[in-house]
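S.K.: First, the structure itself, so that you have it in front of you.
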Amino acid sequence: MYEVYGMVDGRAVMVDEIKGNVWINMIRPTEEEIMEVVTKLRVSRDCIAAALDDEEGSRLEIQNDYSLILIDAPATEIRNQREEYTTYPLSITITSNAIVTVCLQNIFAISSLMTGKVKPINTINVEKHTRFALQILFRVALQYQNHLKLIEKKRMAIEASIRNSTQRNDLFELHELESNLVYFKTSLSMNLSVVDRLSKQFKFITEPDDRDLMEDVSIETNQALEMTMTYSEIIKGTRQLVESDINNSLASVMKFLTSITLIISIPTMLSGIFGMNFSVIPLAGYDWGFWAMIAVMVISVVFGIEYLRKRNMWR
C-alpha cells in the first residue's frame, strides 16, 4: 500500500493523486504500486524497491535525477511469544517533485510524522525535500534511543528479580536483549557512515537550517550508537552474573546431595556389618541388641551431620 501527502494550508494532509511536491509513503508495496510510482516519477525501479530486501545494507546514492538514502530503522516484532526489537531497511528517495519513503513495516518514525505524536504535524513541510528527509533521519535516531531505554528497563527488571530467585527464563530474556543490541549496533554503525557521507554533500544540504539539522542527526545517531555499546556491555555483565548464580545454585545442590550421601552411608555400613551371616555377631545374644544398634546409627548420623556443619560442608 502507499499513501500520498501534500501541503494544504500549511499542513501535511493526504491527497488523492501524485502531483508536484508530495510525499509518497509506501509500506510493503506490490509490484503494481511500485511500477505506478516509478512511471509517474520517472525514476529507477531499483531505488524504489531497494528497501524491500530486508538484508539490504545502508547506503547513499546521489544521482542527477534523484537521491537515495537507505538506512536501517528500528521496529518491533514478536519472537518467542514476546515483543522484541529489530531493524528494517528504510529508503528515502528524493526527486525534483516528490519524496518517497519505502519500508517493509510501519515504522514509528514515519507514522509519527502523519499522526503528530512526536511534534505538531504542522512542523513538517513535505515541499522542502531535504529538510523533510533530515527530519525522518532525526526521528529514526530518536526512536533508536527510545527502544534502547526500554531495553535497559527490561534489563533492570531482570536484575531486580534475580536478587530473589534466578530462573532459566531470565537467562533467555537476557540473551534476547543482547541479540536486539547486536542488531542495533550493526544498523547504527552503517547508519552513521551514511549520515557522515550525507553531511559532506554540500550540493545536497544548502540552507543553514538544514545544516544545523544535519548536525543534530549526526549527534543523535552517534549517541544512539554509544548507548547501544554501553548497554551491550552492561547486559553482558548481567548475563554473566545470572550464569554464575545458576552455577552456584547447582554447586550448592550437589554439595547438599553429596553430604546426604555421606550421612546415609553410615547406617548403611553398620547395618551391612551386622547383617552378615556369621555365628558371632556383637549384641546378637541380647534382646535389646537391635535397639542398641539403632541408637548407635542415630548417634553416628547426628555426629556426622554436626561434623560436616562445623566444616561448612552441610547444605
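The values are calculated or read from the model by the stated rules, or taken from the named source; none is laboratory data. Since this is a predicted model, take the numbers as computed values, not measurements. As a convention, Cβ positions derive from the backbone with ideal geometry for all residues, glycine included, and neighbour counts pool all protein chains shown.
S.K.: Within region 54-86, track down each residue that is touching a residue at least 60 places away in the same chain (Cβ under 8 Å) and exposed (fewer than 12 other Cβ atoms within 10 Å of the Cβ).
M.R.: Asn80, Arg82, listed by residue number.
S.K.: Residue check: is Met14 among the hydrophobic types (A, V, I, L, M, F, W, C) and closer than 19 Å to Met114 by Cα?
M.R.: Yes, satisfied.
S.K.: Checking Met190 against (1) aliphatic (A, V, I, L, M); (2) surrounded by 19 or more Cβ atoms within 10 Å (Cβ to Cβ); (3) touching a strand residue (DSSP E or B) at 6+ places or on another chain (Cβ under 7 Å), which test does it fail?
M.R.: Result: Met190 fails condition (2) only.
S.K.: Of the residues that make up region 202-218, is at least one part of a helix (DSSP H, G or I), surrounded by fewer than 21 Cβ atoms within 10 Å (Cβ to Cβ), touching a Lys or Arg at 6+ places or on another chain (Cβ under 9 Å) and at pLDDT below 85?
M.R.: Of all residues in region 202-218, those part of a helix (DSSP H, G or I) come to 208-218.
Now restrict to residues that are surrounded by fewer than 21 Cβ atoms within 10 Å (Cβ to Cβ): 208-213, 215-216, 218.
From what's left, touching a Lys or Arg at 6+ places or on another chain (Cβ under 9 Å): 209-210, 213.
Right, trim to at pLDDT below 85 and you get 209-210.
Checked region 202-218: at least one residue is part of a helix (DSSP H, G or I), surrounded by fewer than 21 Cβ atoms within 10 Å (Cβ to Cβ), touching a Lys or Arg at 6+ places or on another chain (Cβ under 9 Å) and at pLDDT below 85.
S.K.: Condition (residue is modelled with pLDDT under 85 and either in a helix (DSSP H, G or I) or surrounded by fewer than 20 Cβ atoms within 10 Å (Cβ to Cβ) (or both)) applied to region 135-145: is it met by at least one residue? Write out each step before concluding.
M.R.: At the first step, the residues of region 135-145 found to be modelled with pLDDT under 85 are none.
Within region 135-145, none of the residues are modelled with pLDDT under 85 and either in a helix (DSSP H, G or I) or surrounded by fewer than 20 Cβ atoms within 10 Å (Cβ to Cβ) (or both).
S.K.: Now a separate question. Considering only residues that are under 32 Å from the mean Cα position of the chain (by Cα) and either charged (D, E, K, R) or not in a helix (DSSP H, G or I) (or both), which ones fall in region 181-201?
M.R.: Step one: of region 181-201, the residues under 32 Å from the mean Cα position of the chain (by Cα) are 181-200.
Result: Lys185, Asp196, Arg197, Lys200.
S.K.: Which of the residues spanning region 39-62 are in a loop (DSSP other than H, G, I, E, B) and of a type in the set (A, V, I, L, M)?
M.R.: Within region 39-62, Val43 is the sole residue that qualifies.
S.K.: Let me ask another. Quick check: anything in region 276-295 at pLDDT 80 or above and out of contact with any strand residue (DSSP E or B) (no Cβ under 8 Å at 6 or more places or on another chain)? Show your work before the answer.
M.R.: Going residue by residue through region 276-295, those that are at pLDDT 80 or above are 295.
This time we only want the ones that are out of contact with any strand residue (DSSP E or B) (no Cβ under 8 Å at 6 or more places or on another chain), so: 295.
Looking for residues that are at pLDDT 80 or above and out of contact with any strand residue (DSSP E or B) (no Cβ under 8 Å at 6 or more places or on another chain), one finds at least one in region 276-295, hence yes.
S.K.: Could you check Phe108 against (1) in contact with a helix residue (DSSP H, G or I) (Cβ under 6 Å, 6 or more places away or on another chain); (2) buried (at least 23 other Cβ atoms within 10 Å of the Cβ) and say which number it fails?
M.R.: (2)
S.K.: Something else about it: Here is a list of conditions, (1) part of a helix (DSSP H, G or I); (2) closer than 30 Å to Ser96 by Cα, and Thr258 meets all of them except one; can you say which number that is?
M.R.: (2) is the only condition that Thr258 fails.
S.K.: I've got another one for you. Kindly check whether there is at least one residue in region 237-247 that is in contact (Cβ under 8 Å) with a residue 24 or more places away in the chain, under 26 Å from Val302 (Cα atoms), assigned to a helix (DSSP H, G or I) and of a type in the set (D, E, K, R).
M.R.: Taking region 237-247 as the starting set, the residues that turn out to be in contact (Cβ under 8 Å) with a residue 24 or more places away in the chain are 238-239, 241-243, 245-246.
Then keep just the ones that are under 26 Å from Val302 (Cα atoms); that gives none.
No, there is no match, as no residue in region 237-247 is in contact (Cβ under 8 Å) with a residue 24 or more places away in the chain, under 26 Å from Val302 (Cα atoms), assigned to a helix (DSSP H, G or I) and of a type in the set (D, E, K, R).
S.K.: Let me ask something else. Condition first: of a type outside the set (A, V, I, L, M, F, W, C), in contact with a Pro (Cβ under 9 Å, 6 or more places away or on another chain) and in the same structural domain as Thr95 (by TED's automatic domain parsing). Can you find one or more residues in region 176-188 that meet it?
M.R.: Step one: of region 176-188, the residues of a type outside the set (A, V, I, L, M, F, W, C) are 176, 178-180, 183, 185-187.
Subsequent filtering for residues that are in contact with a Pro (Cβ under 9 Å, 6 or more places away or on another chain) retains 183, 187.
From what is left, the residues that are in the same structural domain as Thr95 (by TED's automatic domain parsing) are 183, 187.
Within region 176-188 (the criterion being of a type outside the set (A, V, I, L, M, F, W, C), in contact with a Pro (Cβ under 9 Å, 6 or more places away or on another chain) and in the same structural domain as Thr95 (by TED's automatic domain parsing)), the answer is yes, since at least one residue qualifies.
One line per residue, one yes/no per condition, for (1) more than 22 Å from Val195 (Cα to Cα); (2) touching a helix residue (DSSP H, G or I) at 6+ places or on another chain (Cβ under 8 Å):
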{"site": "Ala12", "(1), (2)": "yes, yes"}
{"site": "Gly20", "(1), (2)": "yes, no"}
{"site": "Met26", "(1), (2)": "yes, yes"}
{"site": "Glu33", "(1), (2)": "yes, no"}
{"site": "Thr39", "(1), (2)": "yes, no"}
{"site": "Asp46", "(1), (2)": "no, no"}
{"site": "Leu52", "(1), (2)": "no, no"}
{"site": "Arg59", "(1), (2)": "no, yes"}
{"site": "Leu68", "(1), (2)": "no, yes"}
